[in-house]
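First the structure, in the form of structure tokens, and then the observations on it.
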């Protein structure tokens, strides 16, 4: 499938409130975009995470409220080491699980927003899980749409769009226009809380 088809499927599933399905298609869009962006990186997981870190400013803005670049979450990674980044959680807990046709691990889920601009999520340190706001679907999707390597993509229907706190991005007008988008996004006033878990486990 083309990247545009993944984006369309993600938004269609989101509108139907099928959030796991919407997240799967968003992750597939990241997979495809990362493969295009980093042809010299053969490992799927490495380039998937690299794409997220390279676009973390856009993802943070769309996700809402958390400093995803600096926050280190007190969960175990695939090797059993405690302390993971946002991109690790998305790849290891969400993308790999959904792509293999499995249910998300206990406690992990995508949560419907309470109202426009009001999101909720939960971090359970004792039981080692977190929920994610549905904005994560749109955060990953918009990053893919804006990626320069996707300038050749097109859904073909003008009604599909993403929105941040102040802008609306009709998707077929914004493919590949990352530099233009960054010029109008309100990074300076965005709330980005660095969550400190140093009292939970020894700081590295």
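In this simple spin-label model, placing a label point 7 Å from the Cα along the Cα-to-Cβ direction at both residue 154 and residue 193 gives a separation of 4.4 nm. Each of the peptides 20-33, 175-188, 43-56 was scored by the mean count of other Cβ atoms within 10 Å over its residues; in descending order, highest first, they stand as 20-33, 43-56, 175-188. Annotation: the residues 3, 157, 58, sorted from fewest to most other C-beta atoms within 10 Å of their own C-beta, follow the order 157, 58, 3. Overall shape: prolate for the stretch 133-202, with the ratio a/c of the largest to smallest alpha carbon gyration tensor axis at 1.5 or above and a/b above b/c.
Only one item in (1) 12.5; (2) 10.5; (3) 11.6 matches mean projected area of the Cα convex hull in nm² derived from the coordinates shown, and that item is (3). For the stretch 1-102, a/c is less than 1.5, where a ≥ b ≥ c are the root eigenvalues of the C-alpha gyration tensor. That puts it in the rounded class. For the chain, the relative contact order comes to 24 percent (Cα pairs under 8 Å, sequence separation of at least 6). Look at 161, 127 and count the other Cβ atoms within 10 Å of each Cβ; fewest to most, that gives 127, 161.
Entry note, the chain: the mean residue ellipticity at 222 nm calculated from DSSP H runs of n ≥ 4, each adding -39500 (n - 2.57), is -11000 deg cm²/dmol after division by the residues and rounding to the nearest 500.
Could you tell me the calculated FRET efficiency between residue 166 and residue 99, based on Cβ-Cβ distance and R0 = 30 angstrom, to the nearest 0.05? For R0 = 30 Å, the calculated efficiency reads 0.35.
Rounded, prolate or oblate for the stretch 52-146? Axes are the square roots of the Cα gyration tensor eigenvalues, ordered a ≥ b ≥ c, and the cut-off for rounded is a/c under 1.5. Rounded, because the longest to shortest axis ratio a/c is under 1.5. Note on residue 122 and residue 12: their simple-model spin labels are 3.2 nm apart, each label 7 Å out from Cα toward Cβ.
Straightening the chain between residue 186 and residue 44 buys 48.0 nm, computed as 0.36 nm per residue apart minus the Cα-Cα spacing. The order of 192, 8, 2, going from fewest to most other C-beta atoms within 10 Å of their C-beta, is 2, 192, 8.
Among beta bridges identified by DSSP and lying wholly in the chain, the antiparallel ones come to about 65 percent.
Read-outs throughout are calculated quantities, based only on the coordinates presented, and are distinct from any laboratory measurement. These figures come from a predicted structure and were not determined experimentally. Positions of Cβ are generated from backbone atoms using ideal geometry, with glycine treated the same way; all protein chains shown enter the neighbour counts.
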